[in-house]
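The values are calculated or read from the model by the stated rules, or taken from the named source; none is laboratory data. Keep in mind it's a predicted model, so treat the numbers as computed, not measured. Cβ: placed from backbone, ideal geometry, glycine included. Neighbour counts: every protein chain shown.
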2 protein chains.
Amino acid sequence: MSRNEIAVLGYALLGLIQQRPSSGYDLRKIFTDTPMAGYSDSPGAIYPALRRLEEQGLVQGSIVAGAGLRRRKVLSITPAGLAELRKWLAGPIGQDDVGNHLNELMLRFAFLDGAAGEPATLRFLQAFEAELKLYLPTLKNFLSIHAEKLEVSGRLALECGILGYEAQLQWASRAITVYKNREKAQ
Amino acid sequence: MSRNEIAVLGYALLGLIQQRPSSGYDLRKIFTDTPMAGYSDSPGAIYPALRRLEEQGLVQGSIVAGAGLRRRKVLSITPAGLAELRKWLAGPIGQDDVGNHLNELMLRFAFLDGAAGEPATLRFLQAFEAELKLYLPTLKNFLSIHAEKLEVSGRLALECGILGYEAQLQWASRAITVYKNREKAQ
DNA sequence: CGATACATGTAAGAAGTTACATGATTGT
DNA sequence: ACAATCATGTAACTTCTTACATGTATCG
């Protein structure tokens, strides 16, 4: 991650702050209490990440000396932050994303609707579906070529991956239908 | 990762070296050319990781001044390395592994058969199945509780995860059958 | 002669982990 | 008094990323 690039954790925070202004503590709790876990609930990751976002002008903190507890610093997204978030959400989907960064793709998808609107969400789903349709055959092809050389458990592990991607492909097709119906309904 | 602990990349390398003695270059190619990608094919990750394994006495390098190309350093697993690998393979499976480190679990599974034997592989699968059967209801429960508060895309993203885990549960049940049949066949 | 494949490494910097530090408020 | 929850942060350490450095052999 070179200077001025944002790590996945940064986008996760930016997306959540876009949904509603939050303190570092609020955000930590989301990571510990919901299935959105896996994005490090540790203060040693979150507070420095928030400070970086603030230094880049993507979020703005205001201290709420509120209701008696220790001071809270509530972060809100700035126009620049919203633009940056949308740029990330609308970015292309590559082979590598589908194969090795599915979590990040699903994180993007979860924010798309609220932050970039339904047309952008539909475009994402169609790109995701298209990429899966390219990726699945290469996986299956690899398996059929190497099946004999692999150990039983290695072969099964690959099959597990393939089944997962097939489930996701079906999901994507269904989700596309959902968004197309919503489009018509308007 | 504190001193003397091994990162996932380290175990991936250890497992591959156990399958067959390999050079750093051989290992890199596996990460670039096969669906086992996602474990950083960069020399800046692999060579330092291999040196750490060697310093810990888990692999042993021997320089092959071989066939005319630049010297190769071929690494073989040591008895200590095999013990460490088996310890990792046989470790418990927790909620957190299923929810956030599925890749690591599948990596373990891919090596289990060859490095720890079929009984250990079957035990792994049964533990994996059991943990999925605990985890899936908590996910579904979370979804039903929060469905109304979530945006459409957030809800769909969760459903995507659920479908993936259901596919994996079916896979695990099938794989258990495969290993039980092999057990009987002996 | 230049590109490509083989082959191993280092250096600077970014980001995460664990553990610690600090401090207020509420409940027991 | 003490634990738990709220709340923000830092320090040391590990690891990974990106980019560079080095060198041989083969092919067109």
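So here's what we get for this one:
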read-out	value
Candidate set from the range B:8-29 (those that are more than 12 Å from DNA strand C (Cβ to nearest atom) and farther than 11 Å from B:SER76 by Cα); member that is surrounded by the most Cβ atoms within 10 Å (Cβ to Cβ)	B:ALA12
Residue identified as part of a helix (DSSP H, G or I), more than 8 Å from DNA strand D (Cβ to nearest atom) and touching a Gly at 6+ places or on another chain (Cβ under 7 Å) among A:ALA37, A:ALA12, A:ALA80	A:ALA80
Selected residue [over 30 Å from B:LEU53 (Cα atoms) and within 8 Å of chain A (Cβ to nearest Cβ)] from B:GLY99, B:GLY161	B:GLY161
Checking A:LYS133 against (1) at pLDDT 95 or above; (2) buried (at least 16 other Cβ atoms within 10 Å of the Cβ); (3) not small (Gly, Ala, Ser), the condition it does not meet	(2)
Filtered residue count, the range B:78-102, keeping only those that are within 19 Å of B:THR121 (Cβ to Cβ) and in contact with a strand residue (DSSP E or B) (Cβ under 8 Å, 6 or more places away or on another chain)	1
Hits in the range A:30-65 - residues which are more than 10 Å from DNA strand C (Cβ to nearest atom) and under 30 Å from B:TYR135 (Cα atoms)	A:ILE30, A:THR32, A:ASP33, A:THR34, A:PRO35, A:MET36, A:ALA37
Evaluation of B:THR32 against (1) free of Cβ contacts under 8 Å to residues at least 24 places away in the same chain; (2) farther than 24 Å from A:GLU151 by Cβ; (3) polar (S, T, N, Q) (one fails), failing number	(2)
Options B:LEU27, B:LEU50: the member that is modelled with pLDDT of 95 or more, of a type outside the set (Asp, Glu) and within 21 Å of B:PHE109 (Cα to Cα)	B:LEU27
Lone unmet requirement of (1) farther than 23 Å from B:MET36 by Cα; (2) at the interface with chain B (Cβ under 8 Å from one of its Cβ atoms); (3) surrounded by fewer than 21 Cβ atoms within 10 Å (Cβ to Cβ) for A:GLU166	(1)
Unmet criterion (only one of (1) over 20 Å from the mean Cα position of the chain (by Cα); (2) more than 8 Å from DNA strand C (Cβ to nearest atom)) for B:LYS73	(2)
B:ALA90 vs. criteria free of Cβ contacts under 8 Å to residues at least 40 places away in the same chain, within 13 Å of DNA strand C (Cβ to nearest atom), in contact with a Lys or Arg (Cβ under 9 Å, 6 or more places away or on another chain) and over 15 Å from B:ALA175 (Cα atoms)	no
Looking only at the range B:139-157, and only at residues there that are more than 10 Å from every other protein chain (Cβ to nearest Cβ) and closer than 23 Å to A:LEU125 by Cα, the one that is surrounded by the most Cβ atoms within 10 Å (Cβ to Cβ)	B:LYS140
Unique residue being within 16 Å of DNA strand C (Cβ to nearest atom), in contact (Cβ under 8 Å) with a residue 60 or more places away in the chain and in contact with a helix residue (DSSP H, G or I) (Cβ under 7 Å, 6 or more places away or on another chain) when the list is B:GLU118, B:GLU104	B:GLU104
Counted residues, the range A:40-66 - those being outside any helix (DSSP H, G or I) and within 12 Å of DNA strand D (Cβ to nearest atom)	10
Count - residues of the range B:87-97 that are part of a helix (DSSP H, G or I) and more than 12 Å from the chain's Cα centre (by Cα)	3
Residue ID - surrounded by the fewest Cβ atoms within 10 Å (Cβ to Cβ), chosen from residues in the range A:38-97 that are among the polar types (S, T, N, Q) and closer than 30 Å to A:TYR165 by Cβ	A:GLN95
Residue match in the range B:23-34 (condition: small (Gly, Ala, Ser), within 15 Å of DNA strand D (Cβ to nearest atom), over 23 Å from B:ALA172 (Cα atoms) and outside any loop (DSSP other than H, G, I, E, B))	yes
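Yes or no, residue by residue, for (1) over 30 Å from A:GLN95 (Cα atoms); (2) touching a strand residue (DSSP E or B) at 6+ places or on another chain (Cβ under 8 Å):
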residue	(1), (2)
B:TYR25	no, yes
B:ARG28	no, no
B:TYR39	no, no
B:VAL59	yes, yes
B:SER62	yes, yes
B:ARG71	yes, yes
